[in-house]
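Any read-out appearing in this document is the output of simple, stated calculations on the displayed coordinates, not a laboratory observation. Computed from a prediction, not measured in an experiment: that's the story for all the values here. Don't worry about glycine lacking a Cβ; one is built from the backbone with ideal geometry, like all the others, and counts go over all protein chains shown.
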Amino acid sequence: MKEIALHLLDLVENSVAAGAQTVAIDICEDLAADRLDVSVRDDGRGMDAETARRVVDPFFTSRTTRKVGLGIPLLKGAAEMCGGGLQVQSTPGAGTLVSVWFQHSHIDRMPLGNLPGTFLALSVAHPQVHWLFSYRRGEHFFEYDDAPIKEALEGLPLSHPQALKYLRELFEEGARPDTPKH
Amino acid sequence: MPTVKSLEDLKKIREEALKKRDIKNAPGSVQVIVGMGTPGIAAGARETLREVLAFIEEKNLPNITVRQTGNIGLDSWEPILQVKIGEDAPVTYGKVSPAAARQIMEQHVLGGKPVSAYLIPA
């Protein structure tokens, strides 16, 4: 996966599979500190320490009773190659926080990619989840909480064409990363 | 083209939809489900889903429910898309590119005829 936005989709599938009711995605491009921070926080069922460790390194143990994908280790590898890292903090019964960071200017850092596309896919196709998104780049700040939106729509699904248009434009305006300089 | 988005806009959208009875048939009798596990995403499932949403917006189709689901274990067929109309058995398609998704939306979802080219053999 060549975009951070695609890795986000992948991370969030784990949150949804863990029964999360609320999922927060935060993205911060801190150009002054030359750092890109991405995190996914959920209130799903969480993991014990051993499982959390195995999620990051699937070869840590030979136990194969639970299915573990390669998405997180690949993302961790990509972050570490760019002077960053990945951390999973989890509390059984309370939720999980996955944090990834990169050196913003690193030549090998994958682009943020199509964040609006990822946000739209998640909000529309997982409507049972309460979504919180934030995207900060320098002075630009975009924040999305779908609770008031769902309330205003009063049961009209987000996949209604007019609602889709509204959301698509909202994300395209607020969450489009600048064109990469390199 | 910056436009100011407000919740009032959404309330208007809802009122319009009510007038046109879009909500009458909800929850949508047509369900489109896209597989969004790791292999699906890697194979381009987000673009497939995006095409489905673009089609709904473009053709102004009010009664289609769109969902995503995790890995369903048909990795070599990703991206996978499933169409469920009313009480019919779901029809599962494989290797659904955005162009294929558009064809499925037109022929199957609108026209009622499954697109044999992308059916996953049972």
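Descriptive notes on the structure:
- Relative intensity, log₁₀ I(q)/I(0), of the stretch A:4-174 from a Debye sum that treats every alpha carbon as a point, q = 0.09, 0.16 Å⁻¹: -0.32, -0.98
- About its Cα centre, the dipole of the stretch B:25-118 is roughly 20 debye, where the only charges are +1 on Lys and Arg Cβ and -1 on Asp and Glu Cβ.
- In the distance distribution for the protein assembly as shown, Cα-Cα pairs more than 33 Å apart total 25 percent.
- Considering only alpha-carbon pairs that sit under 8 angstrom and 6 or more positions apart, the relative contact order computed for chain A is 25 percent.
- Principal-axis tilt of helix B:45-59 within chain B, Cα atoms, nearest 10 degrees: 40 degrees
- Its DSSP H runs of at least 4 residues, each contributing -39,500 (n - 2.57), put the calculated 222 nm mean residue ellipticity of chain A at -11000 deg cm²/dmol, to the nearest 500.
- Taking 24 Å as the limit for the C-alpha separation, the pairs B:LYS11/B:LYS113; B:LYS12/B:LYS84; B:LYS20/B:LYS59; A:LYS165/B:LYS19; A:LYS165/B:LYS95 exceed it in the case of B:LYS11/B:LYS113; B:LYS12/B:LYS84; A:LYS165/B:LYS95.
- For the protein assembly as shown, the Cβ-based charge dipole about the Cα centre amounts to some 700 debye (Lys, Arg positive; Asp, Glu negative; other atoms uncharged).
- Cα-based helix-to-principal-axis angle, B:7-19 vs chain B, degrees rounded to 10: 80 degrees
- Using the alpha carbons alone, the radius of gyration of the stretch B:25-118 stands to its Kirkwood radius in an Rg to Rh ratio of 0.93.
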